[in-house]
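The values are calculated or read from the model by the stated rules, or taken from the named source; none is laboratory data. Just so it is clear, the model here is predicted, and its values are computed rather than measured. Using ideal geometry, Cβ is built from the backbone for each residue, glycine included, and neighbour counts are taken over all protein chains shown.
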Amino acid sequence: MELFLMTITTGIMVGGIYALVALGWVLIYKCSGVLNLAMGEMTLIGAYVSLSFYSMGIPFLLALLFSLIIGLVLGILTERIFLDKLIGEPVLTVIMVTVGLSFFFKGMVELIWGTDTRVFTPPVFSIEPIHIGPVIVGQAYLWSFVAAIILLIIFVCFFKYTRWGLAMQATADDEMAALSIGVSARFVYAAAWAIAFMAAGVGGTLLGNINGLNISVGYLGLLVLPAVVLGGLNSVPGAIVGGITIGILQNLAGAYLDKYFPGGIKEIAPFAFMAIFLLFKPHGLWGWERIERV
Amino acid sequence: MSTTWLPCGIYHQNYAQDHAWWQTKFIKGKMILLFIILSVVIPLFADSYLLSVCNQVGYTILGALGVQLLIGFCGQITLGHAAFIAVGAYTSTLLILEFPWPQIMVDYGIAYPFSIIIAAVVAGIWSVLFGLPSARVKGFYLILTTMAAQFITVDFIITQYVSQIGGRGQAFSLPPGTIKVGPWVIDSDLKVYFMMLVLVIFCVIIMVNLLRSRVGRAWVAIRDNDISAEVMGINVVKYKLLAFFVAGFIGGIAGAFWISNLAAISPEHFPWFWSLWLVGVILIGGVGSIYGAIFGSIFMVVVMEVLQFAVMPLADIYPKLLMDFLFIKEAVFGLSICMFMMFEPNGLAYRWWQVKNYFNLWPFSY
């Protein structure tokens, strides 16, 4: 029972980070209709940037802030250079451009930072675990979760209450109507990419704090795909619920199924679950069911 | 992209002519010339390096044909094709290593060709298994299921379980002399080249013939609009699964062929990167044409070789560059996909089509 509780808690904590990255993904999809497969590499870039700043001796929060700024710039640049020209192209074209981008980013990250595992030294969060009732949680997990939740709340407030956020919601809802009342769609696209890049960067930094940072963190970033599919592609609450579910599922699989299927079950379980889930609910939990006509 | 325009003064009078293999005598002559170049001139004059590049191209073509069928002709986007190639390769290897073939079959060299066929069928069935969700989902969700196919098959089943068979550790090495086709032991680049040639021609013929039959028309209808295809009385699920089967079949042939060129196979030969690479190949070559798969393969392999030549001299100055070549390759590949999508979305096959049309109607384009 204790193992079960602990697995669930860790799952929720990691899931919070996935939810943050998944939110960025859903945002891009909602606002500009781009299905982004470069999310994993975007987490990598953010993580490595903040790690570089941190190892220069800059305090962690400030390093995170710098990586946010660089994420903002890179997000806008990516949108302007690559995605802006592809508005209205077929889905496959856009997807493959993001795949190309993911290769490009990955190659660049490997060129600049190498492939060795790097850790945040000195550790940002103390390694002393915290006891919550019967459950023991690592501090890195706990603080990551807290940070992820705070950012999630900030993002949601941004969409609900600020002028820019409302413009983004309007574009996501009906692009034509938004254009006609004076919302600049190009601005919204750039903002969506910038926010996604920033969210991914924070997510990557937090993940890198937990396990050390190498290329495989990019794979963890890929886990947002099962998460968003679970929640439905265009649903923000769906992304959060999906992210946390995938976190729990992954840890449960790691704890209980590893005995029967030794090896990489922890990495595979979300994808296997997703494939089966899609057979029963092809549009996720809250995704829009598109009615097609000839 | 429709078929090429005919030269002035030549008209088709019945449908059989429209669907004929060789539309004019000139095309027939051209293809025979190409065949002679491929089967006589290249083996005679090419050195071992050029042949190995050709083999690489052939392997890429075999892999890309299946992807082209799924994406370009049936509209089912797949990002997990390397899984089916891996299934083919492992089935063939395991059959050669573990199956108790009758001695006479080994002596006459039937064992390996036979294992290719079985590998292709197994890979096809495996592909249908992961194509099953296509009955319910499409678009992005289907992409994710094919990605799941890649991770489940290669990273999990093959790495964790299949590699344990026989207790050989991660890599399965094939002893020299086990790969034998008829009286020939496949041990040099030249022999691999001829095998590649036969298999590529065989697969291209399968594809072309399927595409000009009822099956191919059904696939294209599903690609263009699956709802209207269903309205027209096409069994959408059946034809989608058939497309997955044929794609997996060709992928299996590709995998089973490639073991003849590798001394040992391991899961690292079939990473997710390779699946994406194949999709990139058909995008660069041109989606929706068999030329696309071929041109894309030639282009990508040649560009990577040229890149290697360009990097090598620099490596004397910066030794680190040699280690980083893999990363440069990745970055260049990613960037070239982006550039092609942005500036040349129809791919190389479209340019080829334009050139052919220009010369067919030359000098007067009316």
Among residues of region A:219-234 being crowded, with 24+ Cβ neighbours inside 10 Å and small (Gly, Ala, Ser), the residue nearest to residue A:287 (Cα to Cα) is A:231
Residue B:349 passes all but one of the listed conditions (1) at pLDDT below 85; (2) closer than 28 Å to residue B:197 by Cα; (3) small (Gly, Ala, Ser); the exception is number (1)
Matching residues in region A:197-244 (without any contact (Cβ under 8 Å) to a residue 24 or more places away in the chain and within 13 Å of chain B (Cβ to nearest Cβ)) number 1
In region A:111-128, anything within 14 Å of chain B (Cβ to nearest Cβ) and outside any loop (DSSP other than H, G, I, E, B) is listed as A:111, A:112, A:113
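Here is a yes/no grid of residues against (1) over 30 Å from residue A:94 (Cα atoms); (2) acidic (Asp, Glu); (3) modelled with pLDDT under 85:
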| residue | (1), (2), (3) |
| --- | --- |
| B:26 | yes, no, yes |
| B:37 | yes, no, no |
| B:65 | no, no, no |
| B:72 | no, no, no |
| B:77 | no, no, no |
| B:83 | no, no, no |
| B:87 | no, no, no |
Reported set for region A:1-12 where residues are more than 14 Å from residue A:220 (Cα to Cα) and in a helix (DSSP H, G or I) is A:2, A:3, A:4, A:5, A:6, A:7, A:8, A:9, A:10, A:12
Output for Cβ contacts, cut-off 7 Å, separation at least six or different chains, first residue more than 8 Å from every other protein chain (Cβ to nearest Cβ) in region B:327-349, second of a type in the set (Val, Ile, Thr) and assigned to a helix (DSSP H, G or I), reads B:340/B:284; B:347/B:284; B:348/B:284
Of those in region B:304-326 that are within 14 Å of chain A (Cβ to nearest Cβ) and in contact (Cβ under 8 Å) with a residue 12 or more places away in the chain, the residue farthest from the chain's Cα centre (by Cα) is B:311
(message) Tell me whether region B:44-54 contains one or more residues that are assigned to a helix (DSSP H, G or I), touching a Cys at 6+ places or on another chain (Cβ under 9 Å) and surrounded by 11 or more Cβ atoms within 10 Å (Cβ to Cβ).
(response) no
Sole miss for residue A:282 among (1) in contact (Cβ under 8 Å) with a residue 12 or more places away in the chain; (2) at the interface with chain B (Cβ under 7 Å from one of its Cβ atoms) is condition (1)
Residues of region A:245-265 being within 13 Å of the chain's Cα centre (by Cα) and either within 13 Å of chain B (Cβ to nearest Cβ) or closer than 25 Å to residue A:32 by Cα (or both), in sequence order, are A:246
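Residues checked against (1) buried (at least 17 other Cβ atoms within 10 Å of the Cβ); (2) part of a helix (DSSP H, G or I):
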residue: B:101; (1), (2): no, no
residue: B:119; (1), (2): yes, yes
residue: B:130; (1), (2): yes, yes
residue: B:209; (1), (2): no, yes
Flagged in region A:79-110 as of a type in the set (A, V, I, L, M, F, W, C), within 26 Å of residue A:51 (Cα to Cα) and at the interface with chain B (Cβ under 7 Å from one of its Cβ atoms), in numbering order, are A:99, A:101, A:103, A:104, A:108
Contact list, first residue from region A:247-258 and outside any helix (DSSP H, G or I), second anywhere and modelled with pLDDT under 85, beta-carbon distance below 8 Å, six or more apart or interchain, is A:258/A:265; A:258/A:266
Restricting region B:131-142 to residues that are of a type in the set (A, V, I, L, M) and more than 7 Å from every other protein chain (Cβ to nearest Cβ), the one nearest to residue B:269 (Cα to Cα) turns out to be B:142
